[in-house]
Amino acid sequence: MKRIITVGKIIPMNKLMRFATGFCFIFLILAVSCSSEPPLEEASDADVSSTSTAVSPTTESTEGTPLPPPAVATTLPTSTPPVVEETTTASGFILSPIGEEGALVSLTLNSQVGILLDEYPEEMRGEVADALAAESDAFWVELAQRQVALTHNRLHFRPFFYANKGQLPLPPQSLWHIELTGEPTRQTINGHEFILIDYSFSGTLLTGQDEPGKAEPALAEVGGIWDEPFILPPDPTQLLQRTGNACINEGGFPPNSYDSENVDIFYDYTCTADSGGAAGCHRTILPALSCLQALNGTVGTVETAVRFQRLEWDEDLANQIRIGEVVSEDAPDLLVVSEDLQNYRVVYRYFPSNSCALAEGCVNGTGWRRLLQFDATAHNLGAAPLDIGPVVAENPLTNMLEYNSCHAHFHFQNYGEFQLGTTSQPSKQAFCVESTSRFSNNELSPLTHDFSCTNQGIQAGWVDEYGAGLDCQWIDITDLEIAGEGTELPLSFRFNTEQFLCEGYPVLDEAGQPVFEPSGLRNSDGLPISRPQCDFVDDWDATNSGTETVTIPATGSFVTQPCASSEHGPRRNCGFTAVPLPNLPEASDPEEPSLRCTPGSTVQLSCTIEGDAEQVVRLCETSAALGVGTACTFTDSLLNQVISGSEATLSFTCPFVRDENEPGGDYALYSAPLFAGDAFTQVTCAPVQ
């Protein structure tokens, strides 16, 4: 049976930015402190050496930690363009901005996707598999979308992986088509058990006539084909929890730029354990295993490829997939993508006194802080790139960039600003203004661009993104007073408020160089900052702000919020509930803080559950200064353990002293049903004397 689903933006593709020479995204002020990660369990020799192929358009794997063969370029007869079933879903029939033929490139991928069953007790797996098999098509489509999103890094930043090639971006997500084939079945891959379904992904790129050949020479002519190989996890969820940072390509990022919610933008199956440094995969810590070893040892692998094929021009198809208005024919004009602010989450994070984020004023104090993280995106709807050009780091005539010794890089001043209710965050700073995703799909939006941190700009139809998860991509809400269980507040992003980016026509001197003017602003050293003169297009700032309503819970983090339908298992970061613990004992010395345990000692808890449903319990640090548990993620937890019977013993290390205001010696307990579809069952724990 085949089910064709035309999907819109079901899940946000978490967005991130690179900086530095080479892998260079835009970024905010990023901390250099590293969060600790539980070590990944060593995979057995059998796990590491077996790369079972669930879907393989390439060749069989070999011993060790194989990579797929090189990408293959071929020329075949032109295939029939894919059918777009719902013509009004895509773009509302935006007219061609050029009135003549452009170019069409189809993308297809065949794969398997599902949920890992290994983390459930064997006696429970059949029940879980049956429940998942009965899920709706939307459930499986969302999973497939999450797996497809793991191709983003190597496609959108392809010039850093291939010499003399350009980007081959995914189409906008509203144009993704998922075809589910067959029914979900229980299968084994690399010794790991799943409930899996086969699917096909397809989409079509619409661009200028010469762009496919610039991106990939094999696509210069109609009928040209290019296969881009990938190795993907069959279960695309909880990648960080299962494999640590083994599959995270931080090349060019500062340390600590990723978290469990934004790993899709970092995924790179070619990362090896010894690939470190600014241009390597790993900057935060070096993992014990390569990506393929980690995948094979924990979740298995699927080999596949994204096939790109140059199609004959089809005006009807182009009309159905054209996305992105062109508001200026010969100049850039930016739009704040307001709805991206809806990708937000609340987290707790500890900041020591030497934190870079503290030095930049991104938080209001040291210690545990509660933060509202969110995406912020600016989309170039003009037909010309916003071309900042080659960057001169230290220019005493402009002072537009300022060196930050804590981060060891330069900051681009006055990029924009955030506001939550009446609470404002200091001006949003950036280093690289760079094209990271292609949100438009039309003849005037190129597939390729030359922008990087040394030559900055935003290509026509592309966006400049800051993703939730980056340091300073937040508002500190620690001191926000919240009545009741939660409150709704407006969250705003205002872009280019000081006119440092030319949304129009740059003023040039006789030598063709930018002409600068005083901005009236000064940097932290008191030096005046100049900005490039610009003849702005009419109403250039009409779309430079966006506001969305966000809900802030009184306590907890995104870990204590409801789960998306695809999140299951004990390592998920959602659906947990705080478990009451006995009151702290009174301290014998009034000047000493009350402690639940001795910092650094081994603590044992005896826990019972009401009923017979398996539960997972998670232990987190407690903030004495805030008086709450930190509702931690799996990676930051003191312990994460499944309780399969009516009684269990938990053993963990009592939290250490953090600082004079955080004496350690206390913990918080959270629990959730092991299978997210089960009901919550009360867990009761008491210290073992």
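The values are calculated or read from the model by the stated rules, or taken from the named source; none is laboratory data. Since we're looking at a predicted model, the values are computed, not measured. Heads up, the Cβs are rebuilt from the backbone with ideal geometry, glycines too, and the neighbour counts pull from every protein chain shown. Ligands, DNA and RNA are excluded from the accessible area calculation, which covers all protein heavy atoms including side chains. Shrake-Rupley method; radii C 1.70, N 1.55, O 1.52, S 1.80 Å.
Could you work out what % of the accessible surface of the range 129-270 is carbon and sulfur, using a 1.4 angstrom probe and leaving DNA, RNA and ligands out of the count?
Here carbon and sulfur together make up 45 percent of the probe-accessible area.
Over the range 273-373, what is the relative contact order in whole percent, taking alpha-carbon pairs under 8 Å and six or more residues apart?
16 percent.
In whole angstrom, note down how far apart the Cα centers of the range 527-552 and the range 453-513 are.
Using only Cα atoms, the two centres lie 8 Å from each other.
Through the Karplus equation 6.51 cos²θ - 1.76 cosθ + 1.60, θ set to phi - 60°, convert the phi angles of the range 634-651 into ³J(HN,Hα) values in whole Hz; use x for Gly and Pro.
4, 4, 9, 6, 6, 6, 9, 9, 8, 9, 8, x, 7, 8, 7, 10, 9, 10
Work through the residues other than residue 480 whose Cβ is under 13 Å from its Cβ and net out their charges, Lys, Arg +1 and Asp, Glu -1.
On the way: positive: 369, 370; negative: 476, 479, 481, 488.
Net charge in that neighbourhood comes out at -2.
Leaving out ligands and nucleic acids, note down the accessible area per residue over the range 208-357 with a 1.4 angstrom probe, in whole Å².
28 Å²
With the contact rule set at Cα under 8 Å and sequence spacing of 6 or more, what percent relative contact order holds for the range 125-190?
34 percent
What list of ³J(HN,Hα) couplings, whole Hz, do you get for the range 171-185 from phi and the Karplus terms 6.51, -1.76, 1.60, once you set θ to phi - 60° and write x for glycine and proline?
Taking θ as phi minus 60°, the curve returns x, x, 5, 5, 9, 6, 10, 10, 10, 7, 10, x, 10, x, 9 Hz for the range 171-185.
Restricting everything to alpha-carbon atoms, can you work out Rg to Rh for the range 328-377 with a Kirkwood hydrodynamic radius?
Value, to two decimals: 1.21.
Tell me, what is the percent relative contact order of the range 494-647, built from C-alpha pairs under 8 Å that lie six or more residues apart?
Reported relative contact order: 17 percent.
Could you look at the range 455-510 and say what percent of its accessible area is carbon and sulfur, using a 1.4 Å probe and all protein chains?
Numbers: 880 of 2020 Å².
C and S atoms contribute 44 percent here.
Post the alpha-carbon centroid distance, the range 372-387 to the range 118-162, in whole angstrom.
Here the answer is 29 Å between Cα centres.
Whole-Hz Karplus ³J(HN,Hα) for the range 376-388, in order, using 6.51 cos²θ - 1.76 cosθ + 1.60 and θ = phi - 60°, x for Gly and Pro?
9, 9, 10, 10, 7, 8, x, 7, 10, x, 7, 9, 7
For the range 560-689, with every protein chain kept in place, what is the accessible area per residue (1.4 Å probe, Å²)? Display every interim value, and only then the final one.
Working: 6070 Å² over 130 residues.
Per residue, the range 560-689 has an accessible area of 47 Å².
Which order do peptides 324-335, 159-170 fall in by mean Cβ count within 10 Å, highest first?
Numbers: 324-335: 20.2, 159-170: 17.6.
Highest to lowest by the protection proxy: 324-335, 159-170.
Have a look at the range 106-193 and give its Rg and Dmax from the Cα atoms, expressed in angstrom.
16.6, 53
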